[in-house]
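The values are calculated or read from the model by the stated rules, or taken from the named source; none is laboratory data. Remember, predicted model here, so these are calculated numbers, not experimental data. Please note: Cβ atoms are built from the backbone with ideal geometry, for glycine as well, and neighbour counts cover all protein chains shown. Areas reflect the complete protein model, heavy atoms only, side chains present, ligands, DNA and RNA absent. Shrake-Rupley method; radii C 1.70, N 1.55, O 1.52, S 1.80 Å.
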Amino acid sequence: DEGGIVKVHGNHLVVLRRGRLFTVAIGDGALDPISSIDAFAPDIDPRNTWYDEMLVSEDTVIVIGYSYERGGTEVNLFHVDLAGQLSYRSTYHLRSNDYYSSRNYASRLIGSKLIFYSPLYLYPGADDPIQSFPAIRKWHKGATQSEFRRIVSANHVYRPDHAFNSNSGLALHTVTVCDMAGGGFDCQATSVVGPP
């Protein structure tokens with residue numbers, strides 16, 4: 001499945017619209033509103049964040065956005081029950097640069113695996129270049145940069161055989177796979193070094 005703004009869960013539509021999630025019952029030829037909730041964590045200020053992709057994995061609704069405020073991909077997880085009721089579960093941040101556009105959706109769901117593409121620009125002159133590697137943290141009020149946990153190891157970073165001009169900058173083009181099985185969110189990544 002790929003990210004969208006309307007999905008089916010049982011006898012309900014799940015709709016992402018303007019930073020909110022809605023469920024609508026679709027039985028008997030009628031559309032009856034059931035539940036609604038903000039598409040982000042209760043303690044997050046949604047300003048400067050775009051929530052524009054949604055996927056459904058079993059009873060988990062996944063809302064993906066990009067936060068300019070917090071600087072990265074934001075993944076919000078919600079529970080939806082058989083009656084269509086929505087409840088917030090958790091939020092994670094992936095360190096990344098912006099990659100969303102009107103032409104580009106970058107997440108997929110294969111079974112219980114949530115897969116992202118994201119670029120992350122490298123700054124070779126940085127004191128600690130490893131600090132710019134792909135990483136993840138679980139959100140909570142007061143979360144800090146030091147809570148990011150790196151998700152790509154050095155032996156999972158590749159470069160093409162041919163030379164390329166790095167004068168225009170470098171980026172880690174990263175595919176991240178997060179296992180949603182059993183309500184978890186365990187992520188690993190693989191990157192290719194290349195031009196931005």
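Numbers at a glance
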| item | result |
| --- | --- |
| Rounded, prolate or oblate (a/c below 1.5 giving rounded, otherwise prolate when a/b exceeds b/c) for region 152-196 by Cα gyration tensor | prolate |
| Residue among S118, S166, S96 with the largest mean-square fluctuation in a Gaussian network model of the chain, springs linking Cα atoms under 10 Å | S166 |
| Residue-normalised accessible area of region 109-156, expressed per residue, 1.4 Å probe, Å² | 60 |
| Distant alpha-carbon pairs in the chain (separation over 22 angstrom), percent | 49 |
| Full-extension gain in nm, H79 to R108, via 0.36 nm per residue minus C-alpha separation | 8.6 nm |
| Radius 10 Å from Cβ of N48, net charge of other residues (Lys, Arg +1; Asp, Glu -1) | 0 |
| Carbon + sulfur, % of accessible area of the chain - ligands and nucleic acids excluded, 1.4 Å | 53 |
| Accessible area of region 1-49 divided out per residue, in Å², using a probe of 1.4 angstrom | 59 |
| Length-normalised contact order of region 119-166 in % [C-alpha pairs under 8 Å, at least 6 apart] | 28 |
